[in-house]
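Working notes for the structure below.
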Amino acid sequence: MAPCIVLSFDDGPNVVTTPKMLDILEQAHVTASFFVVGKNIAGNEALLQRMAKDGMEIGNHTWSHMDLTKLTPAQIRDELIKTQLAVQAAGAPLPTLFRPPYGAVDDVVVGSAGLQTALWNEDPKDWKVANSATLQQIILASAKPGGVIDLHDIHQVTVDAMASTILSLKGSGYQFVTVSQLQNSKARPGNAPFYGYKSDMFRHHN
Ligand code: ZN
């Protein structure tokens, strides 16, 4: 079975860059996971509907992108529930996963969230890469089966890198899946944890 890899995009939706990313994914016929920030949804409801229609997974990246480990359980729940409601009101399926901003997570966050924690295991730091060719090199150098790549659909450089990066990954035989599909995949390596904060691979990665 083909090795699986996940493109995950955080911090959107963004009215300028997110549609471009969706165009690229659509043209390449690949799926991805988008972890959206609740307060960015207003005015971008059609983008969430398009994500759902295009087969993208939509995850919860909190309402205002705060470090959840600095909040009370009630505040943590508020950050996540407001985003759940905004996704639903936009006409997209309710997320089952959340990604804590900065990867900041502890037992209180996990116990309060009511959603499964979805971190990552490949961190190209696209937010500080100056050009798309460099970003592509970084992504390809660290790509591995079962990889969950942390990217951001709010950066033009990431948009610019993605078409050729996808082409290269396809050339290496990768199949693109969502975080949830990877979680459920029988194809993932037997004891390579990719998911959940108890995993060393993911914990405090940022
Ligand atoms: Zn983020």
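Values as computed for the structure displayed
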| quantity | calculated |
| --- | --- |
| Evaluation of Asp11 against (1) free of Cβ contacts under 8 Å to residues at least 60 places away in the same chain; (2) on the phi > 0 side of the Ramachandran plot (one fails), failing number | (1) |
| Filtered residue count, region 59-81, keeping only those that are within 12 Å of the ligand (Cβ to nearest atom) and surrounded by fewer than 16 Cβ atoms within 10 Å (Cβ to Cβ) | 2 |
| Residue match in region 105-126 (condition: within 21 Å of Val159 (Cα to Cα) and in a helix (DSSP H, G or I)) | yes |
| Among the candidates Ala143, Ala133, Ala118, Ala86, residue that is more than 14 Å from the ligand (Cβ to nearest atom), buried (at least 20 other Cβ atoms within 10 Å of the Cβ) and not polar (S, T, N, Q) | Ala86 |
| Residue ID - nearest to the ligand (Cβ to nearest atom), chosen from residues in region 146-163 that are in a strand (DSSP E or B) and not charged (D, E, K, R) | His152 |
| Pick from region 1-51, criterion touching a Lys or Arg at 6+ places or on another chain (Cβ under 8 Å) and within 13 Å of the ligand (Cβ to nearest atom), ranking: farthest from Gln88 (Cα to Cα) | Ser8 |
| Unmet requirement for Asp54, which otherwise passes all of (1) farther than 13 Å from Asp11 by Cβ; (2) within 16 Å of the ligand (Cβ to nearest atom) | (2) |
| Given (1) crowded, with 19+ Cβ neighbours inside 10 Å; (2) among the acidic types (Asp, Glu); (3) within 14 Å of the ligand (Cβ to nearest atom), index of the condition Asp123 fails | (1) |
| Total residues in region 93-114, condition within 16 Å of the ligand (Cβ to nearest atom) and surrounded by fewer than 19 Cβ atoms within 10 Å (Cβ to Cβ) | 3 |
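We did not get these values from a lab; they are worked out from the coordinates using the rules stated. These numbers were taken from a predicted model, which means no experiment stands behind them. Neighbour counts run over all protein chains shown; Cβ positions are idealised from the backbone, glycine included.
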